[in-house]
1. Would you list which lysines come within 21 Å of Lys410, measuring only between C-alpha atoms, while excluding same-chain residues fewer than 8 positions from it?
2. Name the residue from Ala139, Leu252, Gly122 whose Cα lies farthest towards the positive end of the charge dipole of the stretch 122-255, charges +1 on Cβ of Lys and Arg and -1 on Cβ of Asp and Glu.
3. Please name whichever of Phe366, Phe349, Leu322 sits farthest to the positive end of the charge dipole of the stretch 309-406, dipole taken about the Cα centre and charges placed at Cβ: Lys and Arg +1, Asp and Glu -1.
4. How much accessible area does Val74 have with a 1.4 Å probe, in Å² rounded to the nearest 10?
5. Using Cα positions and a limit of under 21 Å, work out the lysines in reach of Lys246, with same-chain residues fewer than 8 apart set aside.
6. Can you give me the orientation-averaged projected area of the convex hull built on the Cα atoms of the stretch 286-394, in nm²?
7. Using +1 at the C-beta of Lys and Arg and -1 at the C-beta of Asp and Glu, which of Thr232, Tyr213, Tyr262 has the Cα lying farthest in the positive direction of the dipole of the stretch 181-280?
8. So which trypsin sites (Lys or Arg not before Pro) in the stretch 143-176 are both in a DSSP loop and have at most 12 other Cβ atoms within 10 Å of their Cβ?
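The values are calculated or read from the model by the stated rules, or taken from the named source; none is laboratory data. What you see is a predicted model; the values in this text were computed from it and never measured. Here the Cβ positions follow ideal geometry from the backbone for every residue, glycine too, while neighbour counts run over all protein chains shown. Note: accessible area is taken over every heavy atom of the protein model, side chains too, but ligands, DNA and RNA are not part of it. Shrake-Rupley method; radii C 1.70, N 1.55, O 1.52, S 1.80 Å.
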Amino acid sequence: MYNPKPTSRFILCSLVLLLLLSFLAPSISSELDLSDDGGDDVEALEELIALDEQEDSHQQNAESEFVSKAQRIVLELNNDNTKRAIDRNEYVLVLGYAPWCVRSAELMPKFAEAATALKELGSHLLMAKIDAERYPKVASTLDIKGFPTLLLFVNGTSQPYTGGFSAEELVIWARKKTGVPVIRISSDAEASHFLKKYSMFVVGLFDKFEGHYYDEFTKAAKMDNEIQFVETSNAEIAKHLFPNFKPTNLFLGLVKSEPEKYTEYEGTFSTEGILQFLDDNKFPLITVLTELNAARVYSSSNKLQVLVIAEPDDFKKLVEPLQDVARKFKSQIMFIFVDIREDNLAKPFLTMFGLEESKASVVISFNYRSNVKYLLESDATPTSIEDFCSGLLSGSVSPYYKSQPIPDNKNMSILTVVGKTFDELILNSPENILLEIYTPWCITCETTSKQMEKLAKHFKGLANLIFARIDASLNEHPNLQVEDYPTLLFYSADDKKKPIPFPTKSSAKDLAAFINQNLKAQDPEIRDEL
């Protein structure tokens, strides 16, 4: 039986896929929050909004009233009302959850807040939720397979939710999908009210709400799933929304609540250009990775990412100068902070570099286009990080491959190969080599290892044949790209570039025959029997 192998490329692709499947399309943190505040406690799934235990009784009463209101707005689906609710409403946004699911509990308050906001905006969208554990058959008919799951039903036909997970992002996505992709603002009062509700938005100024440029703007608004678009024909209102606005007849700008708050669009007014502008600029200079925004981060169009994995207090010392570094490489490199204390977020990355036990700050990089990873092997300082980024772009930084320490192979019948010795012991060796590639978690590797020991004993003393093994979970090499565990590769002395795979399900006797077939031309004195 063969088992999947975590080579560097395989692990990298698997990690990305796992994270994308583990989190729904999430929201991005627009501000760098390095505090230890974990947010409100969700005491029960039935509560749609958590109450902060530190708030006074007056605040708790006010929030309790809001919870009650939200519960009345969000319809609880069951065996009897689900089909009727979906059939009788043009738009229904359904949240499938499970009582034991932590992410469901985190999403419920935001879902309720979004439902209340949409109700106040006069939206005809019905917000509904279903306990998929209590009503599994109904959940199955809705195609709810994981938790939480969000699906939009339009005239009975479902489509997956592709927006963020904050209440604001839920509202933006829902309105765009139900016919309101752009908000028009005509007064300062409307502008002030809008600014209180939205932390990130695109503002467009047009003399008239018609023509080619305006059409491209509205097309982009419909195609984008994350950012609220707003339009106005009044230059003063545009300046209210975008203080850096310079008088012009045609303008588009992106507003965010972070150090680089205002970014003006300087390209051609085309749908593709506007969407690319948003992809290049919608993330903060430094994005704080969370479980909620992970999928959006990994699916970003910027495929070269630099991650600083550190304690929050250590990272605070780097924030200001690192923002200047990030500004220099804007649109080329995405900068991400990962709290090293968050095992679910930090440990998968550290494991890929063999740094699971690291307590110091670690700077790594992934190029998701080439599936290559890099490690900053000096101390993490603004200067070293800037040099590291320059090297990534120029190609002067070498890819990183994991390796165990170099072992002592003296008097060993089967040599232990590590990443650092793969060239010396395998590729540059003048002998024929049978290499066993295994992992500790491989359930059939032990059988193959025992066969290797028999073979090594049988062929002992044969000068031009060496037996070796490598733990692929802890060692990597660019020329070691296999797809299953265990794997046996025969590296002929005549051609190390094209190793010959041996069948691992064969008996030791059959393997000996395979070895003989490949050695006969080099050495006529071969032992044929075990």
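1. Partners found: Lys420, Lys450, Lys454, Lys457, Lys460.
2. Highest projection toward the positive end goes to Ala139.
3. Towards the positive end, the residue furthest out is Phe366.
4. Approximately 10 Å² of Val74 is accessible to the 1.4 Å probe.
5. Lys208, Lys256, Lys261
6. Over every viewing direction, the Cα hull of the stretch 286-394 projects on average to 6.3 nm².
7. Towards the positive end, the residue furthest out is Thr232.
8. Passing both the DSSP loop test and the Cβ count: Lys145.
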